[in-house]
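Colleague: Dropping the structure in here first, questions after.
Just so it is clear, none of the values below were taken in a lab; they were calculated from the coordinates. Keep in mind that this is a model prediction, so the values were computed, not measured. Virtual Cβ from ideal backbone geometry, glycine too; neighbours counted across all protein chains shown.
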Amino acid sequence: MRAPTGIICRYKRIVLIDVEGATDVSEVGALPRKGLPDGVRPVRKRTLIDLLDLRHGLTGESMPEKIEGLTWGPRRADGSRTLVVTTDNDFRDDVPGWVWVFSVPEAALGAPVGAAGAGSATAARAAVLTPTRRPCR
């Protein structure tokens, strides 16, 4: 997928992070571009949803350049969570905003990211093959 800037988009992922055990770097002025200073432990992360996964049907010219909003919606009858993903139209009347609603199984969220037995991103992707897609005009 090519963004309006002409850059080819390679990644559009929603990730889960786990800050347990990570170093608080809020008081550090700057971190190096590559590598970490001794003693700094990063957050752990894993992909929850890869928006460019072809199974979702969200790739192509109509896929917006950037995602603008994420929020958890209500829990579904089967125990899964709804995840609402939105874009806006950057004040352009000829471009729709979009709302996608994904169903995310509890198993994909349950355990911390780095924990043994943590829900896998594969389980999450398998449950979100057909998101609801609605243009907002």
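Colleague: Which residues does the label zone of V40 cover in the range 15-33, counting backbone N under 11 Å from a point 7 Å along Cα→Cβ?
Modeller: 23-33
Colleague: Apply the Karplus curve 6.51 cos²θ - 1.76 cosθ + 1.60, θ = phi - 60°, to the phi angles in the range 80-86 and return the couplings in whole Hz, x for Gly and Pro.
Modeller: 6, 9, 8, 10, 9, 10, 10
Colleague: If you place +1 on the Cβ of every Lys and Arg, -1 on the Cβ of every Asp and Glu, and leave all else neutral, what size is the dipole of the range 52-95 about its Cα centre, to the nearest 20 Debye?
Modeller: 440 debye
Colleague: Which lysines does K12 reach when only Cα atoms under 17 Å apart count, and residues fewer than 8 places away in its own chain are ignored?
Modeller: Candidates past the 8-residue exclusion: K45, K66.
Colleague: So what are the ³J(HN,Hα) numbers for the range 61-73, from phi and the Karplus equation (6.51, -1.76, 1.60; θ = phi - 60°), rounded to whole Hz, Gly and Pro as x?
Modeller: Per residue, the Karplus-derived 3J(HN,Hα) values read 4, 7, 6, x, 5, 9, 8, 9, x, 9, 7, 7, x Hz.
Colleague: Applying 1/(1 + (r/R0)^6) with R0 = 41 Å to the Cβ-Cβ distance of A77 and I17, what FRET efficiency is obtained, to the nearest 0.05? Don't skip to the end; give the middle numbers.
Modeller: Numbers: r = 28 Å, r/R0 = 0.69.
The formula returns an efficiency of 0.90 here.
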